[in-house]
Amino acid sequence: MMVWKYPNVWRTLLCAFLVLSSAAVARAADSETREFVVKVDGKPSGNANMTIQRQDDGTTVVSCDTNVRVRVLIKTYVYTCQTRETWKDGRLQQLVSQCNDDGKQFRVSANAQADGIHVNVNGREHITKPEAWVSSYWTLPDPKLRDQAISVVDADNGHDLQGRIQFIGTTQRTVAGQVQNVQHYRFNGSKRIELFYDAAQRLVHQEWVEDGHPTVLELTRVRR
């Protein structure tokens, strides 16, 4: 995500998504859109829309539309990204994203193959682990991959990230205006990211500190 004075501040965002599925038309009960606000230093700085759609063949498609504008001193930083992920049986099958990170353009595609996930970034390819997570963090990884080291594909620039996801505990948070029991996980990588998931194991809240600037992704509405 955004590469600016705080170089990784948006790389952990997820997310944030709109689904356009050409493969099949899913039933209304199989699709939902989650609307998030992005806050930096406690101030609304953008928005993200996450739509999660389950297909008839068992795949889940998650697409991302994120727009952020942050003013730091006399400079305004702009970030936009559209991302689409396809998952099946708990593993990433395909990733496509196009991002403008304050003028830096990234085109990313990834496809699962027999030897791992082939990731292409602006025409250059590398291979990462077949069980890799994605930095949208839209859902928890497979249970056997939790509480241990895990590889992550950065959804906006295709970089490989390494870290460890740790279960912290169950707590209560106000989510989209309602108090819910949520699961709190922590991802320890290049920075510490606090992640909160609802009973469906879907992301409702994310927070971290970037170069002294608290950054939050907060769910405000769910549409079905």
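In segment 123-140, what residues are surrounded by fewer than 22 Cβ atoms within 10 Å (Cβ to Cβ) and part of a loop (DSSP other than H, G, I, E, B)?
Of everything in segment 123-140, those that are surrounded by fewer than 22 Cβ atoms within 10 Å (Cβ to Cβ) and part of a loop (DSSP other than H, G, I, E, B) turn out to be Gly123, Lys129, Pro130, Glu131, Leu140.
Looking at the structure I just gave you, is Thr66 surrounded by 21 or more Cβ atoms within 10 Å (Cβ to Cβ), closer than 19 Å to Lys191 by Cβ and of a type in the set (S, T, N, Q)?
The answer is yes for Thr66.
Quick check on segment 69-90: of everything there that is β-branched (Val, Ile, Thr) and assigned to a strand (DSSP E or B), which residue is surrounded by the most Cβ atoms within 10 Å (Cβ to Cβ)?
Thr83
Could you tell me whether Ile150 is touching a residue at least 12 places away in the same chain (Cβ under 8 Å), in a strand (DSSP E or B) and more than 14 Å from the chain's Cα centre (by Cα)?
Answer is yes for this residue.
Pull up segment 178-187, narrow it to residues that are surrounded by 13 or more Cβ atoms within 10 Å (Cβ to Cβ) and in contact with a Lys or Arg (Cβ under 9 Å, 6 or more places away or on another chain), then point me to the one that is nearest to Lys129 (Cα to Cα).
Residue satisfying both the conditions and the ranking: Phe187.
Which residues, taken from segment 174-211, are assigned to a loop (DSSP other than H, G, I, E, B), under 23 Å from Gly163 (Cβ atoms) and over 17 Å from the mean Cα position of the chain (by Cα)?
Asp211
Kindly indicate which of Asp41, Asp30 is at pLDDT below 95, under 25 Å from Gly177 (Cβ atoms), surrounded by 15 or more Cβ atoms within 10 Å (Cβ to Cβ) and acidic (Asp, Glu).
Just a single option satisfies the conditions, and that option is Asp30.
Do you know which of the residues in segment 192-224 that are basic (Lys, Arg) and surrounded by fewer than 17 Cβ atoms within 10 Å (Cβ to Cβ) is modelled with the highest pLDDT?
Only one residue tops the list, namely Arg221.
Within the group Val152, Val119, Val175, which residue is under 17 Å from Arg91 (Cα atoms), touching an Asp or Glu at 6+ places or on another chain (Cβ under 7 Å) and either surrounded by 13 or more Cβ atoms within 10 Å (Cβ to Cβ) or at pLDDT 95 or above (or both)?
Val119
The values are calculated or read from the model by the stated rules, or taken from the named source; none is laboratory data. On a predicted model such as this, the values are computed, not experimentally measured, just so you know. So basically every Cβ, Gly included, is an ideal-geometry build from the backbone, and we count neighbours across all protein chains shown.
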